[in-house]
Amino acid sequence: MLGVMRASEAKIIADERRLDLVMITPNAQPPVCRIMDYGKYRFDSAKKAKDAQKNQKKADLKEIRLSVTIDTGDLNTKSKQARKFLADGDKVKVSIRMRGRQMARPQMGVDIMYSFFETVKDVATMDRKPAVDGRSIIMNLVPITTK
């Protein structure tokens, strides 16, 4: 803390110490400045940002494919796999590919999607409701975050 002084005096002191005069809050009265090694400060802040980014877990998008003619045993097996993905913090894309005469009744596929969601609703929320998109029905699930 050097106190209140003119900018020219502060610049002279910074030059004597071979450091930089950095303006911290220019809108304050009087403006607040700091004498420091600005290159080292930028390096340290970039390193902290990189370390913080390294510690973050990126949520992957896993896909589970169902069928319009799926049976309850197979549906339970697929829901167990989805539970594993959701427990790891990944998002799950559930899709059904309709073929042939299945295209005439897309509501059957949507009903299967909702029954699949009922099996995993305690660990997931629906990010995107089942929507018919051409030959496909797609639904996205995200894990429930507990705080």
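Worth a mention:
For every residue, the table says whether it meets (1) modelled with pLDDT under 85; (2) surrounded by 12 or more Cβ atoms within 10 Å (Cβ to Cβ); (3) touching a His at 6+ places or on another chain (Cβ under 7 Å); (4) of a type outside the set (Gly, Ala, Ser).
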| position | (1), (2), (3), (4) |
| --- | --- |
| Lys11 | no, yes, no, yes |
| Asp20 | no, yes, no, yes |
| Thr25 | no, no, no, yes |
| Val32 | no, yes, no, yes |
| Asp37 | no, yes, no, yes |
| Lys40 | no, no, no, yes |
| Asp44 | no, no, no, yes |
| Lys47 | no, no, no, yes |
| Asn55 | yes, no, no, yes |
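- Every pair of residues 6+ apart whose Cβ atoms lie under 9 Å, when the first sits in the stretch 25-48 and is among the aromatic types (Phe, Trp, Tyr) while the second is assigned to a loop (DSSP other than H, G, I, E, B): Tyr38/Leu19
- Hits in the stretch 51-66 - residues which are more than 16 Å from Thr119 (Cα to Cα) and in contact (Cβ under 8 Å) with a residue 12 or more places away in the chain: Lys57, Ala59, Asp60, Leu61, Lys62, Glu63
- Number of the condition not met by Ile112 [criteria: (1) among the hydrophobic types (A, V, I, L, M, F, W, C); (2) over 19 Å from the mean Cα position of the chain (by Cα); (3) over 18 Å from Val68 (Cα atoms)]: (3)
- Considering the stretch 1-120, the qualifying strands (runs of 3 or more DSSP E), each wholly inside and each with 3 or more residues that are within 30 Å of Asn140 (Cβ to Cβ), run over 61-66, 91-97.
- Of all the listed residues (Thr119, Thr145, Thr77, Thr125), the sole one being surrounded by fewer than 10 Cβ atoms within 10 Å (Cβ to Cβ) and farther than 30 Å from Ser8 by Cβ is Thr145.
The values are calculated or read from the model by the stated rules, or taken from the named source; none is laboratory data. Not measured: the values here are computed from a predicted model. As a convention, Cβ positions derive from the backbone with ideal geometry for all residues, glycine included, and neighbour counts pool all protein chains shown.
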